[in-house]
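This report concerns only the one structure given below.
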Amino acid sequence: MLTQIEGSRAIAETVALCRPEVVCAYPISPQTHIIEAVGVMVKEGRLAPCEFINVESEFAAMSVAIGASAAGARAYTATASQGLLYMMEAVYNAAGLGLPIVMTLANRAIGAPINIWNDHSDAMAVRDSGWIQLFAETNQEAADLHVQAFRLAEELSVPVMVCMDGFILTHAVEGVDLLDQSMVDAYLPPYEPRQILDPDNPVSIGAMVGPEAFQEVRYLAHLRQLDALHRIPVIAEEFFAATGRHSGGLVHSYRTEDADTIVVAMGSVLGTIKDAVDIRRDSGERIGVVGITSFRPFPSLQVREALRHAPQVVVLEKAFSIGHGGVLATDISMALQGTGCVVREVVAGLGGRPITRLSLEKLFYKAARGELGELLFLDLDVEVVDRELARMKAGRRSGPSAENVLRDLGTTRVEGQGR
Amino acid sequence: MTKRPIRFYQVGSFAVGNRLLRDDERTVQSDPHRSNSIDSGHRACQGCGEALGARYALDAAMRATQGQLVAVNATGCLEVFSTPYPETSWRIPWLHSLFGNAPAVATGVSAALRVKGRSDVRVVSQGGDGSTVDIGFGCLSGMFERNDDVLYICYDNEGYMNTGVQRSGATPPAARTATTDAVGPQPGNAFGQGKDLPRIAMAHDIPYVATATVADLHDLEAKVERAMSFRGARYLHVLVPCPLGWGSASNETIHIARLAKETGLFPVFEAEYGTVTSVSKIRRRTPVEEYLKLQKRFAHLFGKNPRPEIVTHLQEIANRNIERYGLLDTADAPLARHATTAEVRS
Ligand SMILES: Cc1ncc(C[n+]2csc(CCOP(=O)(O)OP(=O)(O)O)c2C)c(N)n1
Ligand code: SF4
Ligand SMILES: [Mg+2]
């Protein structure tokens, strides 16, 4: 049913349709609305039997999910940013144990400086944890991906993280076609665990594994993710058959057939990029877009197939590895080895900096003329940076950079204080 | 198999040998049909109090639940020595996740069982003192506060033993550990620090809190059984001497645990809903020296350069416990007056 609804609420309604059995909640913006809404539904008894547990930290949230999942329950939680980092040890643990937990990650920057707005630093911080990471482009896709995520997680016994842009998606009210219960029930069978804590058939889970077997265990986890590369398109295809909607999958191309330049990105920014691409196309530039939905497992073959015919690939990402450069760009470069494609990295939208269509148009204009350097920070305020550099050079006790920069900008008011 | 009378000889203990008891009063361990939850063949050190305590506690919990038990384990000696795969000592469903999250994992297991309509299956979560009083404390307090249906058992050997004997928040003053060495003017662990977790647990007003030692295994079993008669969060703190970390002879584990209680250094009691309901009285009051001298971790207090003032300080701590809990039969108004933290720490 097409409903005008906030993104978070759409996720909550969809998660509810997936019949979660244990939901752990800990507040952090921009994820909070999701877990609040699920909480209301549990308290009303709409989801019975379902336990909603108000934990004391994200570390506990993921730990409760681990226990619940190992005891055979369908477990769900949501977090963002600092919360994800606070639960980091348990995030790795859940994947290591092969527990099919589903988590929404409402992507948000990581402090310091503390910042509640959107970028992808949080997701990148756990990219090696063994979780499957799917990025949603729209609220519709975010909602749909949750149903697919439970299915995928439970089929493979791997946890799945659905990444959706904080605020941009979570807090946007727009039309979302909410699924109905019979469709979800038909699509998502009850959870049949691969391993379970059962007094009638006792097993030990989480034993110490030494050098004699650790590498094999890790390799098996890798194989499961490679398996996911086959399953994700099938699951998306079946979803299409059931709903008539294309959601999920590995990668998606837009106007790339004849493109000289292909822009690669993940998440909601793809919408703006497509708009800018349309405009540049109207000016005769041959430019296209590839959106990555599955970041982990990384679909190297499909990425290569989608990009190889373009002389230039511009990777635009909302995160970077400080001291190195783009994270997604590194993976893309690996996938393109030997193709001769030139890869340009663009870091954009950090900490919620708007990525405007105009900025993108300018960027693509330059790209079309081969004027992009290897690594570019979109809309960087060079003047402010230079001023702080000068201050640091002038004397030892230059003070905290973040505060200096804010003062230079003429404001010390931190937006979103108290979250 | 018929019940064979098992002989427990009295070796200076005040424990009643099983042979003197009626069948139904005998220990779970003496029952040939006990579950052997943690089986022999594990790799604990000789005389490990933790292995002993876990065996008695879990078998008692198994009996109390008619075998419907799931155990969650924090990282630490118990976890490491019991599961060097492909060998596992566990004959019950057992899950190890991390060092600091065992109480939360247990909450999750318990929630899942409730959802599945299997509330007959009960959950025990267990860890060493380090995981309990330090790194897992937030999760533990959260589990208590929500009154989740979990029995948490802390095996307290007063230090991080699995990583090679470092100080924890449960290490006693003056004790030598690898991070509180017996050097300098104040050798060993500092005075005036540390956490008294049984009392902190009581402050959560949970249904049941108890302490026990491996010297009185009958008492330990009874407390586990009592704990399993409640729903909600329960806490059992068991003193388990560690021959390796304490520098004690492996055949002295039980003796040392008994002295911890008889000196007053480790008060043994039960509490329900935040109020002490029973204490195990000291049978033969013993000066702390007798306890300390059996352990190399306190060796710097004796010998060539003795430190009698430090021993006196430790004796004062024992006296404070005796007063607080009324550990002596003669103590008047034992629970009337609660010492302030400042007094205890002085
Ligand atoms: C997050 C984390 N920090 C540190 C460790 C290292 N570590 C493993 S076991 C252990 C000590 C355990 O001490 P305790 O809980 O008292 O149990 P014991 O071994 O003494 O029985 C430590 C520090 C770890 N595994 N995880
Ligand atoms: S180090 Fe101590 S606690 Fe660990 S196995 Fe040895 S005796 Fe037991
Ligand atoms: Mg310890």
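The values are calculated or read from the model by the stated rules, or taken from the named source; none is laboratory data. Computed from a predicted model, the values in this text were never measured in an experiment. All Cβ positions, glycine included, derive from the backbone under ideal geometry; neighbour counts span all protein chains shown. Quick note on the areas: whole protein, heavy atoms, side chains included, nothing else; ligands and nucleic acids left out. Shrake-Rupley method; radii C 1.70, N 1.55, O 1.52, S 1.80 Å.
For segment A:222-359, what's the relative contact order in percent, using C-alpha pairs closer than 8 Å and at least 6 residues apart? In percent, rounded to a whole number, it is 24.
Mind checking the per residue accessible area of chain B for me, 1.4 Å probe, whole number of Å²?
Normalised by residue count, the accessible surface of chain B is 40 Å².
Over all other residues within a Cβ to Cβ distance under 14 Å of B:Q66, the charged ones net out to -1, with Lys and Arg as +1 and Asp and Glu as -1.
At an R0 of 51 angstrom, the distance between the Cβ atoms of A:D275 and A:V203 translates into a FRET efficiency of 0.45. Accessible area buried by the pairing of A and B, both sides summed with a 1.4 Å probe, works out to roughly 2800 Å².
For chain A, the solvent-accessible area of protein heavy atoms averages 42 Å² per residue (probe radius 1.4 Å; ligands and nucleic acids excluded). Once you sort the root eigenvalues of the Cα gyration tensor of segment A:251-377 as a ≥ b ≥ c, which label holds: rounded (a/c under 1.5), prolate (a/b larger than b/c) or oblate (the other case)? Rounded, since a/c falls under 1.5. Note on segment B:21-286: antiparallel DSSP beta bridges, both residues inside, total approximately 30 percent of the bridges counted. Of the DSSP H helices in chain A, those with a Cα length along their own long axis of 27 Å or more and a mean Kyte-Doolittle hydropathy reaching -1.0 comprise A:214-243.
Think of chain A as having a plus end and a minus end, set by charges on the Cβ of Lys, Arg, Asp and Glu; of A:Y191, A:A394, A:S300, A:A394 sits farthest toward the positive end of this dipole. Comparing mean-square fluctuations of A:A319, A:A368, A:A109 from a GNM of chain A with C-alpha springs under 10 Å, the top value falls on A:A368.
Note: relative contact order over chain B, using C-alpha pairs below 8 Å and six or more positions apart, is 14 percent. Between the beta carbons of A:H246 and A:A48, assuming R0 = 35 Å, the FRET efficiency works out to 0.55 to the nearest 0.05.
Calculate the FRET efficiency for B:D181 and B:R285 from the Cβ-Cβ distance with a Förster distance of 25 Å, rounded to the nearest 0.05.
0.20
Taking the C-alpha atoms only, the angle from helix B:102-115 to the longest principal axis of chain B is near 20 degrees. Scattering from the protein assembly as shown was approximated by placing one identical point on each alpha carbon and applying the Debye formula without solvent; log10 I(q)/I(0) at 0.07 1/Å stands at -0.60.
Sparsely packed loop sites in segment B:49-118 (the GluC sites (Glu not before Pro) outside DSSP H, G, I, E and B with at most 12 other Cβ atoms within 10 Å) do not occur.
Dimensions of chain A along the principal axes, based on C-alpha atoms and rounded to the nearest Å, stand at 68, 54, 54, largest first.
Mean residue ellipticity at 222 nm, helices only, chain B: -9000 deg cm²/dmol; runs of at least 4 DSSP H residues each add -39,500 (n - 2.57), and the sum is divided by the number of residues.
Peptides A:52-59, B:261-268, A:381-388, B:273-280 ranked from most to least packed by the mean count of surrounding Cβ atoms within 10 Å: B:261-268, A:52-59, B:273-280, A:381-388.
Counting only alpha carbon atoms, the long axis of helix B:253-263 and the longest principal axis of chain B meet at about 60°.
Surface composition of chain A: carbon and sulfur make up 54 percent of the accessible area, probe 1.4 Å.
Per-atom-type breakdown for chain B gives carbon and sulfur 52% of the accessible area (1.4 Å probe, protein chains only).
For the peptide B:86-97, the mean number of other protein chain Cβ atoms found within 10 angstrom of a residue's Cβ is 6. Here the contact order of chain A, divided by its residue count and restricted to Cα pairs under 8 Å and six or more residues apart, works out to 15 percent. Sites listed here are trypsin sites (Lys or Arg not before Pro) in segment B:143-226 whose DSSP assignment is loop and whose Cβ has at most 14 other Cβ atoms within 10 Å, and the list is empty.
For segment A:1-92, the spread of Cα coordinates along the three principal axes comes to 39, 28, 19 Å, biggest extent given first. Sorting the segments B:282-295, A:190-203 by their mean number of nearby beta carbons within 10 angstrom, highest to lowest, gives B:282-295, A:190-203. The overall shape of segment A:128-209 is oblate: from the C-alpha gyration tensor, with semi-axes ordered a ≥ b ≥ c, the ratio a/c is 1.5 or greater and a/b is no larger than b/c. Ellipticity at 222 nm from helices only: DSSP H runs of n ≥ 4 in chain A, each -39500 (n - 2.57), divided by the residue count, give -13000 deg cm²/dmol. When DSSP beta bridges are restricted to pairs lying wholly in chain A, around 25% turn out antiparallel. With the convex hull drawn around the C-alpha atoms of segment B:21-286, the volume per residue stands at 130 Å³.
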